[in-house]
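Below is one structure, written out as structure tokens; comments come after it.
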Amino acid sequence: MASAGSGGGAVCRECGAAYRVTDLAQEFCRPACRIAWNNRARLRGARLYEAVMTWRVQRRPGSFAEVTALVSEFLDEDRAAGRRWRPRTFNPKTGRREPRRK
């Protein structure tokens with residue numbers, strides 16, 4: 001991933017389009033992609049929270065499978081939409097873009 005100062009390109013986390021990096025923390029090609037990504041993350045987070053809390057409180061055998069099934073559903077949705085999940089590379093604590101781990 002190129003840094004903002006080098007004027008390099010990157011790939012949008014939402015739509016997969018190539019774009020010119022203008023800010024070190026930039027991960028999306030346009031605001032609409034950032035908003036769509038964050039809205040989906042909020043909705044998924046709420047669903048995942050309920051599944052994890054149910055698993056933790058009820059302690060039923062096999063209930064963690066519901067959590068992993070939910071994550072699999074999210075990954076399948078992303079693949080069908082042409083999105084590829086990858087960890088964030090910008091670390092807001094350090095203010096730097098971290099290298100991707102292989």
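Derivation of every value follows stated rules applied to the coordinates shown; laboratory data play no part. None of the values given here were measured: they were computed from a predicted structure. We place every Cβ from the backbone using ideal geometry, glycine too, and count neighbours over all the protein chains shown.
Quick one: Debye curve from the C-alpha atoms of segment 14-66, no solvent, what's log10 I(q)/I(0) at q = 0.15 Å⁻¹?
Log10 of I(q)/I(0), two decimals: -0.59.
Would you mind computing, in nm to one decimal, how far apart the modelled labels at MET53 and ALA69 are, each placed 7 Å from Cα along Cα→Cβ?
Spacing of the two 7 Å Cα→Cβ label points: 2.0 nm.
Report the FRET efficiency, 1/(1 + (r/R0)^6), for THR22 and ARG44, where r is their Cβ-Cβ distance and R0 is 41 Å, rounded to 0.05.
Working: r = 28 Å, r/R0 = 0.68.
Step by step, r from the Cβ atoms, then E = 0.90.
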